[in-house]
């Protein structure tokens with residue numbers, strides 16, 4: 001059974017979900033009759049509109065969930081740092097406790113005794129804000145930062161794992177135009193929580209952060225919405241905050257050969273990383289107000305794609321391969337030599353492909369009335385050098401005029417967790 005397949009039987013809808021579905025059902029009845037009725041009936045039956053049932057993504061498997069799992073609509077990404085003086089035993093105990101909690105959370109279960117403590121003088125085991133929301137296709141993906149192996153001075157071994165540091169796991173270099181903020185970059189551990197409901201994702205991170213107290217602390221986190229990439233052919237390609245379809249050429253979950261070649265670690269890597277991958281996160285601020293005053297012609301030149309269909313400027317539908325040799329009536333390249341689609345294409349990067357899993361974000365606005373929104377870019381690749389190559393090729397990208405990279409991080413994502421194991425257990429054996 002794949003990560004995307006549900007394992008639990010049909011469940012009844014939550015009060016929140018039912019009210020929301022009834023609202024859309026009423027609108028559907030007013031507009032189209034049978035369609036709205038079908039959606040509402042599906043809600044009452046505890047099934048999706050397509051007749052599918054359950055909302056649990058398996059936690060255990062050869063690879064961690066949340067990578068090739070069909071991308072959910074909501075994200076809460078969190079970076080943690082180990083507290084000063086934490087020991088190897090503290091790290092192991094934390095990963096064990098996180099694993100036990102993650103198994104429950106991904107099944108939609110409350111932690112421990114739930115929202116009612118056995119002793120009313122003590123706080124409950126579960127914070128309770130996701131009570132009744134069920135699993136919501138929650139996935140929790142865990143990663144380990146470079147400093148976990150080397151310490152802050154890059155020559156230590158605080159947790160006795162330096163000898164198992166993969167040769168390919170080197171920090172990302174500085175890229176052109178980086179304006180990185182330390183408060184939104186790096187970390188010893190990361191957790192990517194994706195779900196259908198933002199409250200489910202936030203609940204998971206909140207409880208993992210509480211479990212970590214005394215051993216690790218939350219360093220920074222990011223909420224995301226409106227996935228900007230598809231990982232399944234059943235999903236329509238979404239749009240970013242610039243209004244363009246994003247991730248058209250993404251690696252899909254059924255491309256097994258491509259996943260083996262570009263995503264999953266294999267070969268001579270340490271055993272604990274075989275079947276794992278590397279996660280890159282980049283917080284990219286969009287200068288939205290400037291973009292919104294830019295002509296459609298210029299916007300399409302920047303991306304090298306049409307805004308309405310997402311197809312390349314050389315013609316055809318969204319998934320048509322761009323023709324980088326095509327020229328216009330003036331003899332100039334139809335797709336600008338600095339267009340994003342050209343510079344990011346595998347043909348321009350030695351065939352390198354990455355699996356993208358990013359999200360839109362909005363962090364309010366500043367005193368000038370400018371929206372603090374953009375793309376929280378996430379990618380998975382078997383070697384960080386693959387991301388570095390693509391990012392360096394984007395130095396002359398026309399898109400750079402409209403974006404600012406303000407956050408960054410790289411983590412090793414261990415292979416999947418088997419029943420009875422904890423996250424990265426093989427690293428400590």
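Tabulated data
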quantity: First in segment 340-358 and outside the structural domain of residue 398 (by TED's automatic domain parsing), second anywhere and assigned to a loop (DSSP other than H, G, I, E, B) and at pLDDT below 95, Cβ under 7 Å, 6 or more apart; calculated: none
quantity: Filter pass, residue 272 being in contact with a helix residue (DSSP H, G or I) (Cβ under 8 Å, 6 or more places away or on another chain), in the same structural domain as residue 176 (by TED's automatic domain parsing) and surrounded by 14 or more Cβ atoms within 10 Å (Cβ to Cβ); calculated: yes
quantity: Selected residue [within 28 Å of residue 174 (Cα to Cα) and touching a helix residue (DSSP H, G or I) at 6+ places or on another chain (Cβ under 8 Å)] from 365, 379; calculated: 379
quantity: The lone exception for residue 254 - which of (1) out of contact with any strand residue (DSSP E or B) (no Cβ under 9 Å at 6 or more places or on another chain); (2) within 25 Å of residue 359 (Cβ to Cβ); (3) not in a loop (DSSP other than H, G, I, E, B) it fails; calculated: (3)
quantity: Meets criteria (surrounded by 14 or more Cβ atoms within 10 Å (Cβ to Cβ), free of Cβ contacts under 8 Å to residues at least 12 places away in the same chain and farther than 21 Å from residue 358 by Cα) for residue 298; calculated: no
quantity: Odd one out for residue 158, checked against (1) touching a strand residue (DSSP E or B) at 6+ places or on another chain (Cβ under 9 Å); (2) crowded, with 21+ Cβ neighbours inside 10 Å; (3) within 26 Å of residue 224 (Cα to Cα); calculated: (3)
quantity: Which listed residue is in contact with a helix residue (DSSP H, G or I) (Cβ under 6 Å, 6 or more places away or on another chain), in the same structural domain as residue 200 (by TED's automatic domain parsing) and surrounded by fewer than 19 Cβ atoms within 10 Å (Cβ to Cβ), from 113, 168, 127; calculated: 127
quantity: Index of the failed condition, residue 408 passing every other in (1) under 30 Å from residue 163 (Cβ atoms); (2) over 15 Å from the mean Cα position of the chain (by Cα); (3) in a strand (DSSP E or B); calculated: (2)
quantity: Count of residues meeting criterion [in a helix (DSSP H, G or I) and over 25 Å from residue 221 (Cβ atoms)] in segment 377-387; calculated: 2
quantity: Residues located in segment 404-423, provided they are within 17 Å of residue 172 (Cβ to Cβ) and surrounded by 19 or more Cβ atoms within 10 Å (Cβ to Cβ); calculated: 405, 407, 408, 409, 410, 411, 412, 413
quantity: Residue within segment 149-156 that is closer than 30 Å to residue 258 by Cβ and in the same structural domain as residue 191 (by TED's automatic domain parsing) present; calculated: yes
quantity: Options 375, 399: the member that is within 28 Å of residue 64 (Cβ to Cβ), under 25 Å from the mean Cα position of the chain (by Cα) and surrounded by 13 or more Cβ atoms within 10 Å (Cβ to Cβ); calculated: 375
quantity: Residue in segment 190-198 that is part of a strand (DSSP E or B), buried (at least 17 other Cβ atoms within 10 Å of the Cβ) and out of contact with any helix residue (DSSP H, G or I) (no Cβ under 7 Å at 6 or more places or on another chain) present; calculated: yes
quantity: Residue in segment 29-49 that is more than 27 Å from the chain's Cα centre (by Cα), in a loop (DSSP other than H, G, I, E, B), modelled with pLDDT of 50 or more and surrounded by fewer than 17 Cβ atoms within 10 Å (Cβ to Cβ) present; calculated: no
quantity: Residue within segment 172-185 that is within 28 Å of residue 96 (Cβ to Cβ), in the same structural domain as residue 406 (by TED's automatic domain parsing), modelled with pLDDT of 95 or more and outside any helix (DSSP H, G or I) present; calculated: yes
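Listed here are the residues, each with its yes/no results for (1) surrounded by 15 or more Cβ atoms within 10 Å (Cβ to Cβ); (2) in contact with a helix residue (DSSP H, G or I) (Cβ under 6 Å, 6 or more places away or on another chain).
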{"position": "233", "(1), (2)": "no, no"}
{"position": "241", "(1), (2)": "yes, no"}
{"position": "277", "(1), (2)": "yes, no"}
{"position": "283", "(1), (2)": "yes, yes"}
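The values are calculated or read from the model by the stated rules, or taken from the named source; none is laboratory data. Worth saying up front: this structure is predicted, and the values here are computed from it rather than measured. Ideal geometry is used to build each Cβ from the backbone, glycine not excepted, and the neighbour counts take in all protein chains shown.
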